[in-house]
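The values are calculated or read from the model by the stated rules, or taken from the named source; none is laboratory data. Everything quoted here is computed from the prediction, not taken from an experiment. Because the Cβ atoms are built from the backbone with ideal geometry, glycine has one as well, and the counts that use them run over all protein chains shown. Surface areas here come from the heavy atoms of the whole protein model, side chains and all, with no ligands, DNA or RNA. Shrake-Rupley method; radii C 1.70, N 1.55, O 1.52, S 1.80 Å.
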Amino acid sequence: MAKSTTWSVPVTKALRANGTKVKKFDTSATPGFKGDKKAGEKLLAQRAVVLSDLQERLYANGRSGDQRSVLLVLQGMDTAGKGGIVRHVIGSVDPQGVDHAAFGVPTEIERKHHYLWRIRKALPRPGQIGVFDRSHYEDVLVVRVHELVPPEVWDKRYDEINKFERKVVDSGTTIVKVAMFVSLDEQKKRLMQRLERTDKYWKFNPADIDERAHWPAYQEAYQAVLDRTNTEYAPWHLLPADHKWYSRLAVTELLIDALQGLKLEWPPANFDIEEQKRRLLKS
Ligand code: ADP
């Protein structure tokens, strides 16, 4: 991560899951960041430019045969702000370089396949930033909470997911996993907004209110995810998401960190520059 006077701890370190207890997690904190909302928003505007430059390098290298990519996995309860990350963070880079996939209730066709089938199909292509708005983790979250398959089935999935992610990483994809958490109160506020604003009705789903009754079960399911799938090759980051400005800034920094880790240079010209200039001048 580039040096910044407003981060006291690098964001990767501040958010890295490390025995964190979901039930005790402070969703209104702004770990590692010293400034307020105004400073956060100002910094976000600057860092979006850095992210965009790095993404273009990734894309350029992908066009030149580099097989690497980056995959952002976003998990979080309804209203946690996953859509806001897609719009405000991913929205700051060239859409050509983004492979976006949102995973809802599996379709009839998807249900006929292994749960990783639709995930594999959506993995980012070389040079792309992939974004999963929900992911294979739904198959150990909603599926576990609502007992959509028996416990012996979902219980095997944690190891399977670890193996799957190992392969994805080995094939050249840097995985950035982010679990976003809002408080139950903050969720209530955000759902109320959806009921009070004409521009938000479309986001409201009556079932979201029913899901609130399962909050403790979701917390347990998230805890199991963190305890069992926080590998060194694909670690989890826990993102307090009550403050939207913070979550957007933090995810921007996580992506910048991942892209900087790839040490991307601009691909060299695969033609004779002088010769092409001469040809162009003559044309
Ligand atoms: P969102 O609520 O994120 O805007 P959608 O309404 O399209 O998006 O779908 C999300 C819903 O799909 C969530 O309730 C989620 O739990 C559910 N879902 C996602 N994956 C699965 C799965 N594998 N099995 C069952 N339900 C799933």
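The table that follows gives values for the structure above.
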item	result
Selected residue [more than 27 Å from GLU56 (Cα to Cα), modelled with pLDDT of 95 or more and under 17 Å from the mean Cα position of the chain (by Cα)] from HIS237, HIS243	HIS243
Residue check, ILE90 more than 16 Å from the ligand (Cβ to nearest atom), open to solvent by less than 60 Å² (accessible area, probe 1.4 Å) and of a type outside the set (Ser, Thr, Tyr)	no
Test set (1) surrounded by fewer than 15 Cβ atoms within 10 Å (Cβ to Cβ); (2) part of a helix (DSSP H, G or I) - LEU191 fails condition number	(1)
So ARG47, is it modelled with pLDDT of 95 or more and within 30 Å of ARG194 (Cβ to Cβ)	yes
Subset of region 141-152 [assigned to a helix (DSSP H, G or I) and either touching a residue at least 60 places away in the same chain (Cβ under 8 Å) or surrounded by 15 or more Cβ atoms within 10 Å (Cβ to Cβ) (or both)]	VAL142, VAL143, ARG144, VAL145
Helices (runs of 4 or more DSSP H) lying entirely in region 203-283 (those with 1 or more residues that are open to solvent by less than 50 Å² (accessible area, probe 1.4 Å))	206-212, 215-229, 244-260
Filter pass, ILE119 being touching a His at 6+ places or on another chain (Cβ under 9 Å), within 13 Å of the ligand (Cβ to nearest atom), part of a helix (DSSP H, G or I) and over 23 Å from ARG16 (Cα atoms)	yes
Meets criteria (under 24 Å from ALA48 (Cα atoms), touching a helix residue (DSSP H, G or I) at 6+ places or on another chain (Cβ under 9 Å) and either within 16 Å of the ligand (Cβ to nearest atom) or in a helix (DSSP H, G or I) (or both)) for VAL73	yes
Matching residues, region 93-108, being more than 11 Å from the ligand (Cβ to nearest atom) and part of a loop (DSSP other than H, G, I, E, B)	VAL93, ASP94
Residue tally, condition in a loop (DSSP other than H, G, I, E, B), at pLDDT 95 or above, of a type outside the set (Phe, Trp, Tyr) and surrounded by 13 or more Cβ atoms within 10 Å (Cβ to Cβ), over region 12-35	7
Residue check for VAL98: buried (at least 17 other Cβ atoms within 10 Å of the Cβ) and at negative phi	yes
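Conditions tested, residue by residue: (1) out of contact with any Ser or Thr (no Cβ under 8 Å at 6 or more places or on another chain); (2) under 14 Å from VAL70 (Cβ atoms).
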residue	(1), (2)
LYS244	yes, no
ARG248	yes, no
VAL251	yes, yes
ASP257	no, yes
GLU265	yes, no
ASN270	no, no
LYS277	yes, no
LYS282	yes, no
